[in-house]
Amino acid sequence: MESKQLEVVLKRWGKESKIDQVLSVTSEAAVPKGDNYLSVITRLKVKVVLGNGRISRKKLIMKETIKDEALAQMAKEMGTFKVETMMYSLVLKEFEHLMDQFGDINDVMWGQMYYAKPFSYMILEDLTEKGFCITKRQIPFGLEHASLVLWSLGRFHGMSKILEQKGVISRTDFKPCSYTVNKQVQECFFYHGLKALSKAMEESWGSSWHTIAQHIKMPLETIRKRMAELGTIDETKFNVLNHGDCWCTNILFKYDWKRRPTSLRFIDFQESHYGTPGWDIHYFLSMSVDANVRRDHLEDLLETYTNSLISTLKFYNYDGKIPTIDDIKEDMDRLALFGFVVLGVIHPCVTCEEQYTVDLDAILASNGSEGYDMEIFRSHKIRDRIGPDIINAVEKGIV
């Protein structure tokens, strides 16, 4: 086939599949309550006419700024929409150019953004159209899901380092991890969250937990000082662009016929930040992985991540110092307090059953002194899930 003939074929194919006219649009909530906090997610069902005259139905995702005044203010201060727009319009597109340049035939790990009105709303690809689906936040991941996520995080972090090496992105393009600088977050969720957990332990976990409960209550100023220290970027260490909010509701999976996860897509890049890779690893392991899997297979999971990171850096000809598994473990140890607070406070709140409530309006209005449903922390399921880790944190002097 001659090039001109092929050109006509491709143009005709493109015209036939192109949307020519929108006939109707309907909308519905795209995620269950409790799966998203800083934006409104709507699924748009669109009836269209294609260039070939056929009627087709498409799905899109519209993501808007949150309407609640207190949450909207928090999102504005954190710059969440600005960060996510930058991620889709620059970073992820550069990832794709990188893959094309080097002939990387692996799957992309993100969806597409079709349009954004800074910084109000964006129109995104509905990944369910390609067979991806979200998991229930109450059901922690087993080893297969956890391994796939950590392998993908290794690729994501590695590719971000290549963009940094090329000068496409730099640490100054992104704010620090919000947990290290946002005083409202530290007071509402770290300080008062640990107080709520401690109180529940004293009241419901049994007398053997009373001493431990006292250990985990930390003065607010101590929390702020230690988080600021953790957030300080050490230029001598290996730093990457972190996803920033890597937990189950921000990861969609595709499965084979045996219901094994084969590929994934990361979504929600509102809290992407620059720093050591331990931020993403701790957050994911503490938020979304089954407790026994996390404890029994931690070494294997960190090796999976490290092998992926190293292979990605080598594939893309990274010329800097490549971290070892010991470097990653050292990073994890340094950020242990962060992992502990995520596991002890945030994990119970976001994975609780729907009959329990976390009133974010009340939490923000009271700076954290109100709004927590104590039944979340009194649960024996939560005690069994995080209790051994709390004991370990106390024994190691993490808290």
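Mean projected area of the convex hull spanned by the Cα atoms of segment 54-166, taken over all viewing directions: 10.5 nm². Note on exposure: F119, F340 ranked by accessible area (1.4 Å probe, complete protein assembly) read F119, F340, with the most exposed listed first. Report the FRET efficiency, 1/(1 + (r/R0)^6), for D333 and T172, where r is their Cβ-Cβ distance and R0 is 41 Å, rounded to 0.05. The computed FRET efficiency comes out at 0.90. Residues in the chain average 48 Å² of solvent-accessible surface per residue, probe 1.4 Å, ligands and nucleic acids excluded. Solvent-accessible surface (1.4 Å probe) assigned to D173 amounts to roughly 70 Å².
Using 0.36 nm per residue and subtracting the Cα-Cα separation, the extra length available between D100 and S204 on full extension is 31.8 nm. Distance from the C-alpha centroid of segment 126-151 to that of segment 199-241: 29 Å, rounded to the whole angstrom. Compared with the alpha-carbon gap, the fully stretched path from N292 to A228 is longer by 20.0 nm at 0.36 nm per residue. Site pair I322 and N307 shows an inter-label distance of 1.4 nm when each label is modelled 7 Å from Cα along Cα→Cβ. Taking every DSSP helix (H) stretch of at least 4 residues in the chain, weighting each as -39,500 (n - 2.57) and dividing the sum by the residue count yields a mean residue ellipticity at 222 nm of -13500 deg cm²/dmol.
Averaging the Cα positions of each part gives two centres, and for segment 93-120 and segment 310-365 these lie 24 Å apart. Once divided by 2.2 N^0.38 Å, the Cα radius of gyration of segment 192-294 becomes 1.42.
Could you work out which residue, out of D319, D20, D107, moves most in a Gaussian network model of the chain, that is, has the largest mean-square fluctuation with Cα springs under 10 Å? Highest fluctuation among the options: D20. Label positions at H380 and W13, each projected 7 Å from the Cα along the C-beta direction, are separated by 6.1 nm. Result for the chain in a Gaussian network model with C-alpha springs under 10 Å: among T312, T222, T304, the largest mean-square fluctuation is at T222.
The values are calculated or read from the model by the stated rules, or taken from the named source; none is laboratory data. Model, not experiment: these values are computed from the prediction. With ideal geometry, Cβ positions are generated from the backbone for all residues, glycine too; neighbour counts draw on all protein chains shown. In case anyone asks, the SASA skips ligands and DNA or RNA and just uses the protein heavy atoms, side chains included. Shrake-Rupley method; radii C 1.70, N 1.55, O 1.52, S 1.80 Å.
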